Each structure stands twice: as C-alpha cells, then as structure tokens.
Amino acid sequence: SQSRRRRVDIPNTAQSEDDVESSMEASKKDNVLRPLKMSKGDLYKAPTVEELNQLKEAESLFHCSLLKMQMEELLKEVALSERRKKLLDSFVEEINDLLQSVPETPVVELTDVSWLEDSAIDVPFTMVPEVNGKFHMEPPASVDLIGSYPLGTCIKPRVTVDLAVTIPPNVLHPMDGINQRYPRKRALYLAGLAQHLASSPEVGPLHFSCLHGNRLRPVLLVTPSGKDSSVTLRIHAIPPPDFLKPSRFHPQKNNIRTDWFTERTEPSTPHYNSTVLGDHLPRPHLQFLTAHSDQCPAFRDAVALLKVWLRQRELDQGTGCFGGFLAAMLMAYLLSTHKVGKTMNAYQLLRNALHFLASTDLTKSGITLAKNPDSKAPSLPEFHSAFQVVFVDPSGHLNMCADMTACTYKQIQYEASQSLQFWDDPTLDITSAYYTYYTNMPKLQASCKKLSLLGSLMDHSGNYVLAVLPFTLSLLQRGLGQRIRLLVHSLPKDPEWSVYSEPPKHKDQPPLSFGMLLNPEQCFSVLERGPPADSPEAAEFRQLWGSLSELRRFQDGAITEAVLWPGSSTCEKRKILLKIITHLLELHADIPNSSVLFVGGRVHEVIKLRKESTGEEESLKVVQSFDDLSRKLWQLEGLPLSITSVQGAHPALRYTQVFPPEPAKLESSFFKKEKTLNALLPQDWKACPHYINPVKVICHMEGSGKWPNERLAIRHIKAAFHLRLGELLKQQHDYMCQATPAHLDVWKDGLLFRIQVAYHREPQVLREKVTPEGLLIVRDNPEAQALEVETQHKPFLTSTLHGLQQQHPCFGAVCRLAKRWLGAQLFMGEIGEDAVDLLVAFLFLQPAPFTPPSSLQVGLLRFLHLLSSFDWRINPLVVNLNGKLTASDCTEIKNHFIASRESLPVMFIATPNDHKASIWTKTGPSVPVLQRMVTVAAESLHVLEAQFAQPSQNHDIRVVFRPPLEAYDVLIHLKTKQVPLAAQAVDPSPITFPRGISKGEGGSLGGAFPVMDFDPVKLYLSELRDAFGDLALFFYDPFGGKVIAVLWKPKAFEQQPFKTSLMNGRKVEVVNEVATTAPNVEAIVEDFRIMGEGLVENVEPRTEKWVV
C-alpha cells in the first residue's frame, strides 16, 4: 500500500487470483501503465449523474480524486478473492469433519500426560506448579467460525481464520477457574486435538502459538498439506456458554490462591481473570459486531482500512496490541454512540475513528459498549484501578484492553494524530522515528524481587517481562520527563512452535526495546532541576535519583534539588539519555549497565574529529570567527565604495561541513620559506602538509555609475578591491592577507577565509553581447550562471540552512553523516555538497508523516530511505525553504517538470529561488551513477536496519561506509603519506605522519603565508579527468580516501575512424586496409602511474573485467 499507486482492474472471479497476482507482478516489473482500450464515443461521452456525484464526493471528502482511487485500490488489494474464500471454506469443512471424530480417552489426573506420549505431542503450557484435577478427551460440543472471517473484515496478506472449538462440559469442573486449572485443561484439549489432526493426510505441519502473546491462551495453527500454505486456521478451545459466572472474574477478585503460588497474602488477579473471561465471549462478540455491520454498509471496508493502518505501524501483533478485533469493536462503538453515521463511506469512518483515537485518552476516561450491564459488573473506576487502558465489551465484565500499556495507547494516539495531519500519505511506517534501547530478559527476572512484584508476577502466570514492564515504563517516564515527547515499547511477538516441541520459556523472548521520540529543545539538557529543598516533592525527587541528587543554588536565588550530568560537548550530551536510563534501571530494578544496549549510538563515530567531539563546537568557532571578520569588514575605513553585504558561502558556516576547519597552529620548521612571495611551501621529502580548507566569503560592493559595463574591466576593478581590502585589513587589524585577481585570502584565528568581491550586475553584463551591427543581445551562458550561483544562490542557501540548523540542532550532523556516506561510497564527485544539504533539508522541512529527526541514526536512515525510494523519473523534489512556496507554486513546478522532463537533470531539486532549472544538480549525478547510488543506498539501509534490529550482536557500523570495489575496472592506490586528509578515512591507517601541525603554541610564521588549499589528490584527479574524461569515470572519497576507482565508459571501447585530432589515449589498428582507433589501455594505465609519480603507490588493473 504505497502512496503512489497504479490502477489495476480486478477481473471477474472466473480468472484465478494467481493470474491476477502474476499480471500485477508483470506490470510492476516492466513499469508500464496499460490504459484501457475505449472507443472514441466512450472516451468523449458526457459524464453520468452518478459519475458527477462521485467527482463531487472526491472533491469534498478526499481533497483529490487520487486519494479516493488509492483508497479503492487499497481495499481491492487487501480483500480476499473468491478463490481464496473457496479454499478457506473447503478446508474449514475438512477440519470440522475431522474434529467431530476426536476419540474419547480415559479419565486421568491433570498432571498425567502419558496419553500423549505415543504421538510425541507436547502440551502448549508450562505445567508448574502442579494442580489437582481430572481430564479426558471427548469430541467438541460445537465448532464455530469466529473473528474477522465470518464478519467479512479479514484482509491480506496474513490471512488467518479463527475456529472456536467448544470444550465439552464433562471435561470441565465448575471450580476450574481457580489456580490455572481451566487454562491447563484448555491447553491439554488443544494438545489432544493436535494429536488427532496430526494423523490426517489433509493436514500440514501443526504449530502452537499464543493469542496476542498471552501464554494462558495457546492456540493451534493448522495449515493444509501440499504447497498451498496461504490458508491458516487458528483453533481456539473455549468453554461452554455460561460455564463460569462473569462476576467471579471481577478485576478486584482473586482466582489464583497465593498459598498455591507463593504462600503469601492474596492480591487481586485482574489479568488472569480477564484472560479466562475472554474465552467465554467470542460468540456474543461476533453476534454484536455482525448486527452493527449489517446496519452500516461501509462497516467492513472501514474496519479493513483501520486494520491496514494498524498493520503498517506494527501495532496489531503481540502482547497488548490493538488488533483487528479491537478495531472492529471501536468502529461498532462509534456507530452505537452515534459518533459516526450509518451512511458514511469507509474513508469517513476511518477518519472519524482516527480522530476519536487521537482525541480520546482511554488511559484516563475509559469507554464501554455495555448499555445495561448487570449489577455485578465492575464500574469504569474499578476497571481503571486494575488496568492502564479501559475499553469494556458489551457484557460489561471484560476490559478488552486489559493487556495494553498506557505507552502503547499513547503511541496509537500519536500515530493517529500524525496520520490526520499528513493524510496525503497515510500508509507510511513510523517505527524508525525513535531512539531505541534494549534490555536483556534474564535481568528482568531479578527485578521482580527487587521491586516486590510477586503479586503481579502471579497475575501474569510467571511472565516476569509483563510483570516488570509497567513499572519500568513508569520509571523511565518519570526520569526522562520533558526530554521526550513519547515513550513506546516493543510488543513481544506471538511465539510459534511445533506441536512436538516444548513451549518457549519466558527467558527466550527477544530483548525488550524502548523507543523515545525526543524533544529537541530539552533532550540533551545537562541539568535536571528538581523541586525546592523544603517542598514535600523533594523527598520523592531524591528517592528517584538517589545519590546523584544534590542541593544547588541558582542565579534567581532558589535553592532546589538538582542532578547535573557531565557534558561539555554535543557528543557528550548525546550520552545523557543513556546515562539517565542506565542509572534509573540499576538503582531501582537491579538491571546492570551491561544489560542495556543503545541502538545506533555509534553512528557518529565516522564524523568524529577527536575522542569527544563530533564537530559541532568546531563549526561554531568557524561561525564566530566569520561573524567577527564580517563586523570588521563592515567597519573598514578607506574603501572607495561601501560594502552592502558580507555573506558566507561555505558548508562550515551552515554546520554541514563533514569535517569543519579547525584552528591550525602551524610549525614553521616543517616548511620551507619562499622569500619573494613571503609564503611557506611544502618540502618534497616530507609528508604532505596539513590541509587548510579556505572558508569562502562573498563581499558585495554597492552599486555605482562608476562601475564599468565591460566584463574584463569589472574583473580589474574587483582585483583592485581585493588589493585594497588586504591593505586595510593588514593596517587596521594586522591580519596576514594574500590578494589574487579572483579573491583575497585572510589568515585569521588559525583559519583561512577566502573573500570574493561581487558586483550585483556582473552576471547580467556577462549575458550581454553587442553585435557588429550595434545590437545588444542578452543570452544566458554557463559563465554567467556559474557566477550567479557562487555570488547569489550559495550565500542565500548558506544563510537559510544556517537558520534551519538553529531550529533543528541535529540538522548539520545529519548532513555531515549523509555526505560522509556518499563520500565513502565514492559518489561525492558526482553530486555537489549543496544538493546533499538540500536533500537532508527536505527531511526536516517536509517530514510527513514523521516528525523531523532528532537523532543522527534516524536522520541517516531517513536519508538512505529517501535516496533509495524517491522516484526521480516522474517527480521533482520540492524543498520549501522558509515556507516561501505556495500550493500554486508547487503545482507550477510539477507541471513544468512534466512538460520539460527530457531536458531537465535526472535528479531535479526545486527551491523557492530555483523553480525550473535545478541549478544544484545540473552537473550530476548522471543516470547510471544515480541508479548505482539508489542501489547502494537501499542495501546500506537494509544492513543498518538489520544491525539495529539485533543490537546484542557486536556489529560494525562502518560496514555501510566501506565501498564495494568489485565493480570498477582499475584501482589506483595512493600513498598515505601524501594524502593530507588520511586521518579522516573510515578506516584510518595506524601509521600517522607529521603534517606541520603543532600541539602546543606553534612556531612563529614570521609573516609568511601558510600552505593553503593544497590537496595533491584533488589536483591529480583534476588532471586525470582533463586527460581521460572521455574514456573513463574517476571515483574517489574526498575524506581521506586512499583509492581512486576507475570505470571505463562503454562507448570508449568502440572502434572509431582514424583522425589525427582524436588520438588522445588511442592506438591505430588497420583491418582490411581500413585504419581505426581503439583505446591504448596499457599506455593509459601507465600514464596513470606517471602522472601520479610520488603520490601513486600502485595501479591495479582488473584484467578480468576487460581485455587488455
């Protein structure tokens, strides 16, 4: 159920479902829209009244006809075909006949399972401690269909049909509700049914499972023999009607005697009571739902849509889930209370259901379907005292949300509100929007003793995970407070095991995971300020935080309890959440630090500058130094024209430079000094010096009639301004400066700023040309476009994204991670840094249906998902910076994109200042490179998700940052000594070289200008592309890569006619007296080595991929 769908016509039932599915798959593979063939008369026929009504409905209810078609198509996709229904009905009849012939067995003790030994069937229940009672097998009293299939709300792809098998009254005793006797007899009866069905050739492999993870409610899963396993029957063993009195299972009554379980006082057992009571009510529930379904024609479709919505968010499976049964009951509640109308369509019902979920807090104000409950039925306050979420069934005795935690319901509320807010894309998943922590199971068993939760443990029949979970959630909620917006936890999946195996132990469950939706404003705060020292709440605060709580006096004079966490850098502050969680769990639940794992916490390692710095503080220093330089430029005296603006045009000034420039303290003795130019130079026999990255600054001068209208004259004026600015900065602020015709380099605070003077009319002058006849022609050209980008668009983008960083503190770090991944995968030479920053900005500005990322791992996952799933062929990526684009602007951009698709870049990014040209992706990536990028992004996303799903294993996060080199034809290996950024590599070499950087004060430069913007690898790459760009593509990781990967262009190896002007890198071949040319591969590879002498370690030709 993707957000963009193609219309698929569902054929008549005469065509098999397999044919339909195969045709759908074929359509997806060839990616071709197949229009219906219509006659000319039908094509231009006036719309009927019914069609006009449908169009009006689509406009008023769905906002657009596309959403209406998506809903209709979704319902067709999830509905069961007639073929599937016939298979189900036939299999149900076969199983029904088999169940009627279940043989009787002698009466035995409840603990005696010897009658099952011959078949090797195991009982799906842990029979500890022992309990007295008698048991024997008999044919079931009745076999009935229950659940979603008879109701008509069963949906694909997981098709399960529920079959209720009534245990004969002779097997049960009126007191079986006590001490787990009934659940044990229920499990034994299922084992007896499994023993009987296992002997039938019509039945495939049998398995046991648990209903919504409840170990007290095992079910038997039956599939037909043969290849068609798409049909699954879930057999429930239930007691006869009115076998036990509902009042006996009041939430405040006890049905597990503590002298039997723990030999202590008797607490109430609400969860056990609701489990037993739930087995009595499947038939009345089905009758209730059927009655409401018959009253509302769209009821079934609405429930199906709500089930799809829940399934997309993984909320319909596991312990305490909001399953399909609750979805149907919720819809029935809305109908019975007249919150929705019987004539509403499925879309309206779904929207109303989501609105009800989003606006109604069932953790505080429960709801009930019971109109006239009997006098012994519990009241809503009594239900609330026993359960966190309350939704009472029509009988008035059963809380259908008994196992649901408040956090799960809060997650449902959040999801519903998000879906309503971003309804245009309702089926996306949101599970990756969280920080996640995992807790090992065995440690939770000890927590029950620490927390004195033996009563809850008894109520959950020994399931210590469910016993500890509510307390743990409450503890984390209190400790994290305003740092998070939402706390969720994983829903333990329904276990499934063979009927010949023992039921899984509680300790075998997967780790319990907690997810947090962070509040970016407070999540990394170092101070936890508590109540005043003399207030009653102070004792509670001290009890929560233990020895970490201390009295502190604040600037406002208040003396309060407080907890101060260490965190001088952003990198350290990211660990505060982990420290809070581990401290609270160890203090209150005896869960050691080693049992708590933080998922994705090592993602930032690939952008670390030092041990405890991920670059945020360094970026801030660059911005502060730029601000100071900007002020001083504004205040310069002696300029012939005033400065109108000083703007940054460098990624570091918007916090998105992968490795931001650090203030450098140079060791002058490392360099040789050029006296004529008064500059430092690298020495041949030493390692390549530290790379100093110039920070580009655009300085706009005011307009004046004295500016010339000739391009060369303008450049001379700009060069004069560069000289004058350098002189004034030296005189007034004693900065070392070096002027060139194109720019002025300024050495300030250990950083290099490259100032470029700009004149606002220069791009226009470059477009103007006077013909010999004296006519003025204005024509766009690449030179004018490039200048406009450098002096206008880049400064605007830098200031805009700087503002976005102030709103979303992790924006810059996510950009840096994205570019680090692209660089590591050798793509950064094909896509510009500005384009990558815009891709990440899109995730923050248009995050629907998510909220903007608040953590690095989530941002990286979203980026990889966007790159791998966005359809660049048919959609423009519209990045609405500052919210300047209106709906009409977006429509105009899309219409222009469709009309001009062939002439536009393959990756089209539109912004408020660039509607039609996509200036940031004009030069790349190309179609093959983008396809490769999409493929690698999808694989990287898969690897990261797999690592995050199994945090207990020691995964290496750097795997996705190591490029696959098998696809390349030649590998040029570089000497680490001459790679100035080698320390930034994903896997840096253990051998380091001195690069002229002093850890102390550094030697005096004596007024000499440092070696700037010197990267031999960058220069070598430029020469390679200039010389062989028509024959090959060159890929390199600009962040410390040690390999240049070469890929031959397919057309380069085609034979071409001999021409003296086209002999670069080619050799002559004469065949049948016809001279042609072909690439001289041996000479080209040798040229790679010669051109890179001193830099290239070796050249590795992959001769198995092409013929030399």
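The values are calculated or read from the model by the stated rules, or taken from the named source; none is laboratory data. Every value quoted in this text rests on a predicted model; they were computed, and no experiment measured them. A quick note on method: Cβ atoms are made from the backbone with ideal geometry, for glycine too, and the neighbour counts reach across all protein chains shown. Remember, those area values only see protein heavy atoms, side chains included, never the ligands or the DNA or RNA. Shrake-Rupley method; radii C 1.70, N 1.55, O 1.52, S 1.80 Å.
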Legend entry - Members of region 249-261 that are of a type in the set (D, E, K, R) and either over 15 Å from residue 386 (Cβ atoms) or at pLDDT below 80 (or both): 257, 259
Inset, instruction - Could you please find all residues in region 599-653 being charged (D, E, K, R), closer than 30 Å to residue 761 by Cα and touching a Phe, Trp or Tyr at 6+ places or on another chain (Cβ under 8 Å)? - result: none
Legend entry - Condition broken by residue 133, with the remaining ones in (1) modelled with pLDDT under 90; (2) in contact with a helix residue (DSSP H, G or I) (Cβ under 6 Å, 6 or more places away or on another chain); (3) on the phi < 0 side of the Ramachandran plot satisfied: (3)
Inset, instruction - Test residue 251 against the criterion of being under 23 Å from residue 466 (Cβ atoms), under 41 Å from the mean Cα position of the chain (by Cα) and not in a strand (DSSP E or B), and give yes or no. - result: yes
Legend entry - Residues located in region 726-746, provided they are buried (at least 19 other Cβ atoms within 10 Å of the Cβ) and in a loop (DSSP other than H, G, I, E, B): 743
Legend entry - Among the candidates 1068, 1046, 1085, residue that is touching a Ser or Thr at 6+ places or on another chain (Cβ under 7 Å) and of a type in the set (A, V, I, L, M): 1068
Legend entry - Selection within region 195-218 - touching a helix residue (DSSP H, G or I) at 6+ places or on another chain (Cβ under 8 Å) and either open to solvent by less than 20 Å² (accessible area, probe 1.4 Å) or part of a helix (DSSP H, G or I) (or both): 195, 196, 197, 200, 203, 206, 208, 216, 218
Inset, instruction - May I ask you to say which residue of 993, 1014 is modelled with pLDDT under 90 and among the aromatic types (Phe, Trp, Tyr)? - result: 993
Inset, instruction - Can you give me the ranges of the helices (runs of 4 or more DSSP H) entirely in region 504-619 with at least 1 residues that are touching a Cys at 6+ places or on another chain (Cβ under 8 Å) and open to solvent by 20 Å² or more (accessible area, probe 1.4 Å)? - result: none
Inset, instruction - Return yes or no: is residue 497 in a helix (DSSP H, G or I) and open to solvent by less than 70 Å² (accessible area, probe 1.4 Å)? - result: no
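A quick yes/no check of all residues on (1) modelled with pLDDT under 90; (2) farther than 23 Å from residue 615 by Cα; (3) touching a His at 6+ places or on another chain (Cβ under 7 Å):
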position: 819; (1), (2), (3): no, no, no
position: 843; (1), (2), (3): no, no, no
position: 846; (1), (2), (3): yes, yes, no
position: 890; (1), (2), (3): yes, yes, no
position: 894; (1), (2), (3): no, yes, no
position: 905; (1), (2), (3): no, yes, no
Inset, instruction - With respect to residue 864, determine if the residue is assigned to a helix (DSSP H, G or I) and either at pLDDT below 95 or open to solvent by less than 20 Å² (accessible area, probe 1.4 Å) (or both). - result: yes
Inset, instruction - Sort out for me the helices (runs of 4 or more DSSP H) sitting completely within region 258-357 that have 3 or more residues that are over 27 Å from residue 244 (Cβ atoms) and open to solvent by less than 10 Å² (accessible area, probe 1.4 Å). - result: 299-312, 324-336
Inset, instruction - Quick one: residue 476 ticks every box in (1) at pLDDT 90 or above; (2) closer than 21 Å to residue 597 by Cβ; (3) part of a loop (DSSP other than H, G, I, E, B) except a single one, so which number is it? - result: (3)
Legend entry - Residue list for region 204-247, filter: among the small types (Gly, Ala, Ser), over 37 Å from the mean Cα position of the chain (by Cα) and more than 16 Å from residue 185 (Cα to Cα): 204, 225, 226, 247
Inset, instruction - Go through region 968-999 and give me each residue that's outside any loop (DSSP other than H, G, I, E, B) and among the β-branched types (Val, Ile, Thr). - result: 970, 972, 976, 997
Inset, instruction - Kindly indicate whether any position in region 176-191 is at pLDDT 90 or above, under 13 Å from residue 282 (Cα atoms) and not small (Gly, Ala, Ser). - result: no
Inset, instruction - Just name the residue that is nearest to residue 979 (Cα to Cα) out of those in region 1017-1051 that are touching a residue at least 24 places away in the same chain (Cβ under 8 Å), open to solvent by less than 50 Å² (accessible area, probe 1.4 Å) and out of contact with any strand residue (DSSP E or B) (no Cβ under 9 Å at 6 or more places or on another chain). - result: 1040
Inset, instruction - List every residue pair whose Cβ atoms lie under 6 Å apart, where the two residues are 6 or more positions apart in sequence or sit on different chains, the first residue falls within region 728-745 and is within 21 Å of residue 791 (Cβ to Cβ), and the second residue, located anywhere, is hydrophobic (A, V, I, L, M, F, W, C) and open to solvent by 80 Å² or more (accessible area, probe 1.4 Å). - result: 739/723
Legend entry - Elements of type strands (runs of 3 or more DSSP E) in region 749-839, at least 2 residues being surrounded by 21 or more Cβ atoms within 10 Å (Cβ to Cβ): 751-758
Legend entry - Within region 653-684, tally of residues that are open to solvent by 40 Å² or more (accessible area, probe 1.4 Å), within 30 Å of residue 813 (Cα to Cα) and touching a strand residue (DSSP E or B) at 6+ places or on another chain (Cβ under 8 Å): 2
Legend entry - Leading residue by the ranking (nearest to the chain's Cα centre (by Cα)) among those in region 920-946 that are of a type in the set (S, T, N, Q) and surrounded by fewer than 19 Cβ atoms within 10 Å (Cβ to Cβ): 935
Legend entry - Matching residues, region 840-858, being of a type in the set (Val, Ile, Thr) and outside any helix (DSSP H, G or I): 851
